[in-house]
Structure formats: C-alpha cells, structure tokens
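Data block below; observations after.
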Amino acid sequence: MKNKEIIENDDIVYGVHAVVESLNANRGNKLYIQEDLRGKNVDKIKDLARDKKVSISWTPKKTLSEMANEAVHQGFVLRVSEYAYSELNDIINKAKTEDNPLILILDGITDPHNFGSILRTADATKVCGIVIPKHRAVGVTPVVSKTSTGAALHMPIARVTNLSQTLDILKENGFWIFGTDMDGTSSHTWNTAGKLALIIGNEGKGISQNIKKQVDEMITIPMDGHVQSLNASVAAAILMYEVYRNKL
C-alpha cells in the first residue's frame, strides 16, 4: 500500500532550486524533507518554509522518491498550489512595453525536460512569455519545474486551445511569425527587429502543417555535420540567443 502522503497529481515540485523558488513565490502548501538529511540546504529551506508559514514533514527517503516518481529530489519535495497560467493578452500587453519583444510558441512539445530547458533559456534571454497548447503537449509538471530550476515561476506561460487562432491574434497585434525549418533564412542573417513570435515544433514532427501556413518566414540553423536536426531545446536556445544578442 502506498503511503498516504504520496501525491498522485502534478501539484508538487522537488529539488533544492525548484522548492526554494516555489516557497519564495508563496506557492508552498506543505514541505517534505528527508528525515536524515543535514546541511546548509536543510537549514535554509526549513527556515524559509517557517517564514512562509508552510508546515514541514520529516519523511523517509523512500517515500520522497515515490512522491517524486523516482526522480532526483535532493531530499526535498513541496506540495504546491496549482500552477497559475497567464492569459495570452497579459503576455501581449507585456510585450508592448518592450523593445523588440519575443514571444515563444511551442507547437506540441511533449518532453518535460525539453520544456524545462527552454524555460531556463527563455528566462535568461528576457523572452516576454511562452504559449503552449492545452492538448497533446506537456504543461508545467514537477519534472518541468525541476528542470527549469525555478524559471517556470518567473516566465509567463499561456495555455491556449487553438494555436492557429493565437497566431491570428498575434498578427493583429503587429507580431511577425517565424518558424524553424531545414529550408529557410539562415539564423545568422535573420532580421530580428520588431515584434517577434517564434514557433518551436514538436520533437519528432516539427511544426504542424496548418501552422506552417501562417508563418511569415522560416528560419534555419546552419549545420555542417552528419546530423540533420537539433534537439528542440537546443534549437530554441540558439534562436533565443540570436534575438537577445541583437538587442545588446
């Protein structure tokens, strides 16, 4: 029989960085710390939880591993309030206050590690926000939160039912829509001036055919090796930094 404390939904985060960021964001409901764990991290997180009035449960390592679905939890699991997605209009309004804003659109990213890595880079390069579909794509899960090392709490993420309609709304608000493809404008010569929306496609299938029809320009990352494609999070990082570099 499973321990009663085991959480069977996505409303947890684990690992030092994700737990600290969630506590600081006042999302913590209950903190579970490995019962035999000692050290600076324990004292820091324990004090932070008490400051935020979050109850603490000293828990066996085996139970924490089950709660984290056998992922590396570093001795800390936090039950959190449900992730609060942003509204698309809020991201657009935020973009309007910035010069050369970039909104990232993830078309069917299913790997939580890819999503988490993209969030880290998006936060580092001052992306205005990320748009993901509600269906056939990963949302903000514990693995995403852990991989993003807390960036999920700082990056506005909108979850929409229809990406095609979202692109229409972005175009109405003056955004140029870019996609990634093997055949397109080299990222080295990409004109990143203006309001940009960049679509990153699914890990295996790339950008959906119906979405491709709405793209203003395809961007390709030059490659000279034997491999013909890059991991989605790597490709996204290269292009996010290309936009960021041109802002500096």
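The values are calculated or read from the model by the stated rules, or taken from the named source; none is laboratory data. These numbers come from a predicted model, not from an experiment. No Cβ is skipped: glycine too gets one built from the backbone with ideal geometry, and neighbour counts run over all protein chains shown. Side chains are part of the model used for accessible areas, which takes the heavy atoms of the whole protein and leaves out ligands, DNA and RNA. Shrake-Rupley method; radii C 1.70, N 1.55, O 1.52, S 1.80 Å.
Carbon-plus-sulfur fraction of the accessible area of the chain, 1.4 Å probe, in percent?
Ligands and nucleic acids excluded, carbon and sulfur reach 46 percent.
At 1.4 Å probe size, what's the solvent-accessible area of His17? Round to the nearest 10 Å².
120 Å²
Sorted by average packing, counted as other Cβ atoms within 10 angstrom per residue and highest first, what order do 74-82, 185-193 take? Spell out each step's value before the answer.
Details: 74-82: 22.0, 185-193: 13.6.
Highest-to-lowest ranking by the protection proxy: 74-82, 185-193.
Over the alpha-carbon set of the chain, divide Rg by the Kirkwood Rh and report the Rg/Rh ratio to two decimals.
Expressed as Rg/Rh, it is 1.03.
Do you know the relative contact order of the chain, to the nearest whole percent, from alpha carbon pairs under 8 angstrom that are 6+ apart?
Numbers: 451 pairs, mean separation 50.0, N = 248.
So the answer I get is 20 percent.
Report for the chain the percent antiparallel among DSSP-assigned beta bridges with both residues inside it, nearest 5.
25 percent
If packing is taken as the average count of other Cβ atoms within 10 Å, what order do 42-54, 141-153, 24-36, 115-127 fall into, highest mean first?
The densest-packed peptide leads the list: 141-153, 115-127, 24-36, 42-54.
Report ³J(HN,Hα) in whole Hz for each residue of the range 43-51, in order, from the Karplus equation J = 6.51 cos²θ - 1.76 cosθ + 1.60 where θ = phi - 60°; Gly and Pro get x.
So the Karplus estimates, Gly and Pro as x, are 4, 4, 6, 4, 5, 5, 4, 5, 5 Hz.
When ligands, DNA and RNA are left out and all protein chains stay put, how many square angstrom of accessible area per residue does the chain have with a 1.4 Å probe? Let's see the in-between values first.
Working: 12630 Å² over 248 residues.
Per residue, the chain has 51 Å² of solvent-accessible surface.
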